[in-house]
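Structure record follows, encoded as structure tokens.
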Amino acid sequence: MSQDHDNIRALFLKYRACSPNDRMEKLSVARQLVTTISQHASAEERTLYPMLATRVPKEDGSKLLHDMMVMDDQ
């Protein structure tokens, strides 16, 4: 999943580097961003959140962390 974060950062940099006049390139990069972020969020929701909710003791704040991450994605 950390590779996803690197890819997303790279895509944001690529988007910012696009010429304002090159709308097709910006659109292409924006579509890649949406796809990559959507896939990453889906993977978190399917694997990370359920694992946190069931495997980490609630006494150490995992419930709060879980709830905050779910709220961030919504």
**Item:** Considering residues of region 1-36 that are free of Cβ contacts under 8 Å to residues at least 12 places away in the same chain and of a type in the set (K, R) only, the residue nearest to T47 (Cα to Cα)
**Value:** R9
**Request:** Hey, could you check region 13-30 for residues that are open to solvent by less than 80 Å² (accessible area, probe 1.4 Å) and among the polar types (S, T, N, Q) and say which is modelled with the highest pLDDT?
**Result:** S28
**Asked** Out of (1) free of Cβ contacts under 8 Å to residues at least 12 places away in the same chain; (2) open to solvent by 90 Å² or more (accessible area, probe 1.4 Å), the odd one out for Q39 is which?
**Response** (1)
**Message:** Please count how many residues of region 1-49 are within 21 Å of D67 (Cβ to Cβ), polar (S, T, N, Q) and within 12 Å of the chain's Cα centre (by Cα).
**Reply:** 1
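The values are calculated or read from the model by the stated rules, or taken from the named source; none is laboratory data. Worth saying up front: this structure is predicted, and the values here are computed from it rather than measured. Using ideal geometry, Cβ is built from the backbone for each residue, glycine included, and neighbour counts are taken over all protein chains shown. Heads up: the accessible areas ignore ligands, DNA and RNA and are worked out on the full protein's heavy atoms, side chains in. Shrake-Rupley method; radii C 1.70, N 1.55, O 1.52, S 1.80 Å.
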